Amino acid sequence: MSVRARMFSSVFGLALVLSGAALAQQNGGGIAATTKAPAAQSSAAKAAAVPANYDAHDLVGIWNMSFPPGATQVELETYVSQFGKDEPPMTAWAKERFDKTKPAFGKRGVLVAQTNDPAFQCYPPGVPRIYLHPFPMQIVQTPKELIMLFEYDHIVRHIYTDGHQHPADASPTYMGDSIGHWDGDTFVVDSVGFNDKTWLDRAGHPHSDQLHVTERLRRIAADRLQIDFTIEDPVAYAKPFTSSMFFHLHPDWSLMEQVCEDNAAFLSFEK
């Protein structure tokens with residue numbers, strides 16, 4: 001097990017709590033305002049850790065958010081704050097609720113002491129917002145399910161691949177009910193059964209309990225994972241909208257302990 005150093009991020013960590021922060025660093029940050037870096041090693045050693053040949057159906061490993069190549073600073077700020085480059089097509093129902101949100105990030109960002117973001121109260125972030133928390137996730141595959149282990153607050157997500165159907169009478173939950181299947185070399189995840197207590201993103205966009213999220217996971221290189229999202233919610237959005245995120249494989253990483261309650265005050269990040 002390699003050792004990864006944690007360090008305070010003056011860029012990405014502050015971007016979570018401050019409005020309009022510059023994003024110049026590719027990995028790290030989050031509610032704990034930390035970044036992760038692998039222990040120093042040669043380029044050859046790093047290259048050797050990533051398989052030259054890979055099975056497109058093998059998503060196992062630890063993945064961390066990475067940025068699209070060539071993105072501008074404005075595009076990066078949007079990338080880590082909301083899904084999609086443009087404002088999603090909110091209904092009047094959603095717009096009324098959106099106007100009441102006080103995010104600690106993005107164009108409408110306020111101080112942590114003023115935010116009403118559920119994540120700053122340590123509620124589970126939900127899907128798809130969990131992906132915007134820049135902490136690693138580990139993917140584990142078994143014959144009956146794909147499991148996502150998120151370093152952020154030890155959140156675990158089970159995606160069943162054994163013919164499960166969504167339960168008709170499921171109680172709404174933060175992370176929803178997820179089932180998956182392979183479509184060629186793409187792993188498709190279908191998720192429903194959400195409560196309406198989370199935001200879609202850091203920018204404060206709401207959703208209802210009719211939220212339906214489709215994710216398409218595709219390994220586009222030995223060390224690169226792309227997830228394409230389709231977000232549907234007839235109560236909150238006039239039409240479905242799409243977005244994509246990218247992740248980098250870190251074979252020499254292991255998940256570390258991160259507990260939201262340890263940062264429950266959050267105010268120290270602005271001192």
Exceeding the 22 Å Cα-Cα cut-off - candidates K100/K197; K102/K197; K144/K239 = K144/K239
task = Sort out for me the Cα centre separation of region 52-78 from region 102-142, rounded to whole Å.
result = 19
note = With D190 itself left out, Lys, Arg at +1 and Asp, Glu at -1 over residues whose Cβ is under 12 Å from its Cβ give -3
ask   = Convex hull over the alpha-carbon atoms of region 112-271: what's its volume per residue in Å³?
value = 134
message = Quick check on packing: order 222-231, 130-139 by the mean number of other C-beta atoms within 10 Å, highest mean leading.
response = 130-139, 222-231
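Would you kindly state how much longer the chain becomes between E75 and D262 on full extension, computed as 0.36 nm times their sequence separation minus their alpha carbon distance, in nm to one decimal?
Gain on stretching E75 to D262: 64.2 nm.
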remark   = Rounded to the nearest 5, the percent of DSSP beta bridges in region 98-251 running antiparallel is 95
remark   = Note on region 180-271: the mean projected area of its alpha-carbon convex hull, in nm², is 8.8
inquiry  = Taking the full set of protein chains and a 1.4 angstrom probe, give the accessible area of M90 in square angstrom, rounded to the nearest 10.
reply    = 40
key: Relative contact order for region 98-193, counting Cα pairs under 8 Å that sit 6 or more residues apart, in percent   = 17
key: Distribution of pairwise C-alpha distances over region 98-184, 10 Å bins, in %   = 14, 37, 30, 15, 3
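The values are calculated or read from the model by the stated rules, or taken from the named source; none is laboratory data. What you are looking at is a predicted structure, and each value in this text was computed from that prediction instead of being measured. Using ideal geometry, Cβ is built from the backbone for each residue, glycine included, and neighbour counts are taken over all protein chains shown. Ligands, DNA and RNA are excluded from the accessible area calculation, which covers all protein heavy atoms including side chains. Shrake-Rupley method; radii C 1.70, N 1.55, O 1.52, S 1.80 Å.
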